[in-house]
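Read the structure below first, then the notes.
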Amino acid sequence: MLRIAAFIGLAVSVACSLVAQTQAAGTLTGKLTDPSGAVVANTTVTATNIDNGQTRTATTGADGGYQFTMLPPGNYRVRFEAAGFKTLEIASATIGATQAVVDGKLEPGVSTPSLGDLGFTPDQSQGSAQDQARLDKRSRMLKTHQRLGLITTAPLVATLFLANGASGHKSTASGRDLHAILGGVTAGMYLTTASFAIFAPKIAGTPTRGPIRVHKALAWIHGPGMILTPILGSLALAQKDRGEKVHGIASAHGAVAGVTAAAYGAAMLSVIIKF
Amino acid sequence: MNRKILWVFLALASLAGADGQWVLASSTLVYHVSHPLHQSEGVSHAAKGKGVCQGGQCNFLIAVPVKSFESGDTNRDLHMVQVTHGAQFPMVSVRVSLPEAALTSASIHCDVEIQFGGQTAKYKNVAFQAVTKGTETRITGSIPATLSDFKIEPPSLLSIPVKNDMPVRVDMTWRPM
């Protein structure tokens, strides 16, 4: 009994959903005539959704009429193209949930070739709002990546500049602490910057060519370096705090930091300088 | 009488010959954008075009996929496709209407209508140079397009936007169909 009730509930909800979708879609109809009032058959009618670029085409019948059904509501550009007539374009027609009528009167003249005449494949000529949204998201994330990358340069340079006060015989505890704090801020900002590039949507079928290839390759140097540098730094800091001379693997902290900073700078230059 | 019929026939034949169709045999389209840090150009050879001439008037349509432009950096190209809404409106189409007689002159001035990024812009009296060799006619020129003509937000590098001007150099070879 429970199963039957669940099935009925599901069927009703699917039916309601279908009805809702049908109601949301509109219909566009119209009739094409020439200046004498005679109907014009075999005219290509193209309706382009101005908001998302989606296009639909239809051809007028023997009565000069055409019809688009199930059109998502929105503003449409309607274009009529027939041999022996000037191309007619209606800049904007609003399609709602009801039937819209757009008639056209064609003037005799030289016909204009249409996109369909040029032989582009639907893949090339059909727009996709989803693909555009994906590109938009990718660009937003990469823009943030760029801005954060620029901002990260400031604590990075400051950390390098204050390295003198954190190492050697003249180093002080406060100098080391300041260097460590700035290094931590740099690493944190760096990882945030990197995450915007790593998690930006990938566009399938796009090879990596040009300076961006160098930019990405350098990330394999400054990425691990930016993780390793704070680890080595904390080891060195602990040794210094114990009054020991920095030794072992921790002594590589300065060199790793230098290489990391150099690779980071080169990665920025690779997208700035054209080569 | 026979001679008159022959003359009428020849006149009709020449009129029929004047009408015709053209097809784009090859093309190079180059857009140029200028940034304070460097200049960039995107090149496409993927345009297709067709022209129809009737009664002394010609209409041409040239179309090219937005993503066919290559600047040598795929990241920049993807960014250009994004800012120009190239995934949503994947084609740039150019419509030109001109008298057929203009096709035989070395300098062509015509109005150009461009649909790009869901917007339409019209450029008045754009100058092109034409050179005819054999049956082919090579047309070169530059269209003074700007980003704002198509409501395109200027792409930026390191938060610095490119300039508004985006001239498009055109080099097309047409042949009769």
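Condition first: small (Gly, Ala, Ser) and in contact with a helix residue (DSSP H, G or I) (Cβ under 7 Å, 6 or more places away or on another chain). Now tell me which residues in the range A:82-115 satisfy that.
A:97
Among (1) surrounded by fewer than 20 Cβ atoms within 10 Å (Cβ to Cβ); (2) in a strand (DSSP E or B); (3) within 11 Å of another protein chain (Cβ to nearest Cβ), where does residue B:64 come up short?
(1)
Identify all residues within the range A:94-113 that are surrounded by fewer than 18 Cβ atoms within 10 Å (Cβ to Cβ) and under 29 Å from residue B:83 (Cβ atoms); write none if there are none.
A:94
Can you find even one residue in the range B:29-44 that is more than 7 Å from chain A (Cβ to nearest Cβ), out of contact with any His (no Cβ under 9 Å at 6 or more places or on another chain), more than 17 Å from residue B:156 (Cα to Cα) and not in a strand (DSSP E or B)?
Within the range B:29-44 (the criterion being more than 7 Å from chain A (Cβ to nearest Cβ), out of contact with any His (no Cβ under 9 Å at 6 or more places or on another chain), more than 17 Å from residue B:156 (Cα to Cα) and not in a strand (DSSP E or B)), the answer is no, since none of the residues qualifies.
Here are some conditions: (1) away from every other protein chain (no Cβ under 13 Å); (2) under 28 Å from residue B:174 (Cα atoms); (3) among the polar types (S, T, N, Q). Residue B:119 meets all but one. Which one does it not meet?
So residue B:119 meets the others, but not (1).
State yes or no: is residue B:84 β-branched (Val, Ile, Thr) and within 14 Å of chain A (Cβ to nearest Cβ)?
Criteria met by residue B:84.
The rows are residues; the columns are (1) touching a helix residue (DSSP H, G or I) at 6+ places or on another chain (Cβ under 8 Å); (2) within 9 Å of chain B (Cβ to nearest Cβ).
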position: A:117; (1), (2): no, yes
position: A:132; (1), (2): yes, yes
position: A:169; (1), (2): no, no
position: A:182; (1), (2): yes, no
position: A:204; (1), (2): no, no
position: A:211; (1), (2): yes, yes
position: A:219; (1), (2): yes, no
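Please go through the range A:162-182 and pick out each residue that is out of contact with any Leu (no Cβ under 9 Å at 6 or more places or on another chain) and under 20 Å from residue A:228 (Cα atoms).
Selection gives A:163, A:164, A:167, A:181.
Taking the condition of being surrounded by 11 or more Cβ atoms within 10 Å (Cβ to Cβ) and either more than 34 Å from the chain's Cα centre (by Cα) or at pLDDT 85 or above (or both), how many residues in the range A:15-43 meet it?
14
Condition check ((1) among the hydrophobic types (A, V, I, L, M, F, W, C); (2) crowded, with 19+ Cβ neighbours inside 10 Å; (3) touching a residue at least 24 places away in the same chain (Cβ under 8 Å); (4) not assigned by TED's automatic domain parsing to the domain that holds residue A:51) across all residues:
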{"position": "A:120", "(1), (2), (3), (4)": "yes, no, no, no"}
{"position": "A:154", "(1), (2), (3), (4)": "yes, no, no, yes"}
{"position": "A:161", "(1), (2), (3), (4)": "yes, no, no, yes"}
{"position": "A:207", "(1), (2), (3), (4)": "no, no, no, yes"}
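The values are calculated or read from the model by the stated rules, or taken from the named source; none is laboratory data. Here the structure is a predicted model, which means the values were calculated and not measured. Positions of Cβ are generated from backbone atoms using ideal geometry, with glycine treated the same way; all protein chains shown enter the neighbour counts.
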